[in-house]
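Computed from the coordinates by the stated procedures, all read-outs in this text should not be read as laboratory data. Computed from a predicted structure; not experimentally measured. Cβ atoms come from the backbone with ideal geometry, glycine included; neighbour counts cover every protein chain shown.
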Amino acid sequence: MSESVTIETSMGTIQAELWDDKAPETVVNFLKYVDEGFFDGLIFHRVIEAFMIQGGGMDADMKVHKTHPPIRNEASADVPNNRGTLAMARTNDVDSATAQFFVNLVDNAFLNHRDKTSPGFGYCAFGEVTDGMDTVDAIGKVATGSKGYHDDVPVEPVTIVSIRRAD
């Protein structure tokens, strides 16, 4: 049985289905943060038009919030980073994903799992937008700039008001 979430943002609502059959540990991890209210008040801190919108780790002051330990990367060649999919952000360490996630604005084949090397491992897609891609696309078009050490930050913060399990 798949889980669904409602992502309330300052720019509109996004509904997403999470794929617990394709990325079970990732979905459990994401829902742990959802149930804790972790995402409430955080922002989409990295927005790149025609690529993706990323959030789930920082507030409007670019302060990083403390997370649970990283999880194993469940990226699979069978689960591509296509337009509208939710995927886990990570560092160069394959198994470094915690709370930050992104929504693909286009098909991003270069993010897909190709092999077990660090550059080829890819990014784990764990769900997809089922309603509200217009909101995702609108976020993807906001003006961005630099803030501190961070680039591609929306000039006007795009807030994640809340993420909740859908009824």
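Which ³J(HN,Hα) values, rounded to whole Hz and listed in residue order, are derived for region 152-167 from phi using the Karplus coefficients 6.51, -1.76 and 1.60 in 6.51 cos²θ - 1.76 cosθ + 1.60 with θ = phi - 60°, glycine and proline given as x?
Computed from phi, the couplings for region 152-167 are 6, 8, x, 4, 9, x, 9, 8, 8, 5, 6, 10, 10, 5, 6, 6 Hz.
At 7 Å along the Cα-to-beta-carbon direction for both GLU25 and SER76, put a label point, then send me their distance in nm to one decimal.
Taking the two extended label points, one gets 1.4 nm.
When a footprinting reagent is the concern and you count Cβ atoms within 10 Å, what order do HIS113, HIS65, HIS45, HIS150 take, fewest first?
Values: HIS113 20, HIS65 16, HIS45 23, HIS150 13.
Lowest to highest Cβ neighbour count: HIS150, HIS65, HIS113, HIS45.
From the helices alone, meaning DSSP H stretches of at least four residues, give me the mean residue ellipticity at 222 nm for the chain, per-run term -39500 (n - 2.57), in deg cm²/dmol to the nearest 500. Before the final figure, lay out the partial values.
Working: 3 runs with 24 residues, N = 167.
Result for the chain: -4000 deg cm²/dmol, rounded to the nearest 500.
For region 23-70, what are Rg and Dmax over the alpha carbons, in angstrom?
Both quantities, over Cα of region 23-70: 11.9, 32 Å.
Run the numbers for GLU36 and VAL106: contour at 0.36 nm per residue of separation, minus the present Cα-Cα distance, in nm. Could you put the intermediate results ahead of the total?
On the way: separation 70, 0.36 × 70 = 25.20 nm, distance 3.01 nm.
My answer for the length gained is 22.2 nm.
Taking Cα centroids, how far is region 20-58 from region 86-133 in Å?
Going from one Cα centre to the other spans 11 Å.
Which of ARG83, ARG46, ARG114 moves the most in a Gaussian network model of the chain with Cα springs under 10 Å?
Comparing ARG83, ARG46, ARG114 in the GNM, the peak value goes to ARG114.
Whole-Hz ³J(HN,Hα) for each residue in region 114-129, computed from phi via Karplus 6.51 cos²θ - 1.76 cosθ + 1.60 with θ = phi - 60°, x for glycine and proline: what do you get?
With coefficients 6.51, -1.76 and 1.60, one gets 10, 7, 8, 6, 4, x, x, 5, x, 10, 6, 7, 10, x, 8, 5 Hz.
Pull out the extension gain between ALA166 and ARG83, defined as 0.36 nm times the separation in residues minus the alpha carbon to alpha carbon distance; nm, one decimal.
27.7 nm
For the chain, state the semi-axes of the equivalent ellipsoid (square roots of 5 times the eigenvalues of the alpha-carbon gyration tensor), sorted largest first and rounded to whole angstrom.
In descending order the semi-axes read 22, 18, 16 Å.
As I understand it, the dipole of region 3-165 uses +1 on the Cβ of Lys and Arg and -1 on the Cβ of Asp and Glu, about the Cα centre. Which of VAL5, LEU31, SER96 lies farthest toward its positive end?
SER96
Exceeding 26 Å between C-alpha atoms, which entries from my cross-link table qualify? They are LYS63/LYS141; LYS22/LYS116; LYS22/LYS63.
Numbers: LYS63/LYS141 23 Å; LYS22/LYS116 18 Å; LYS22/LYS63 32 Å.
Over 26 Å apart, Cα to Cα: LYS22/LYS63.
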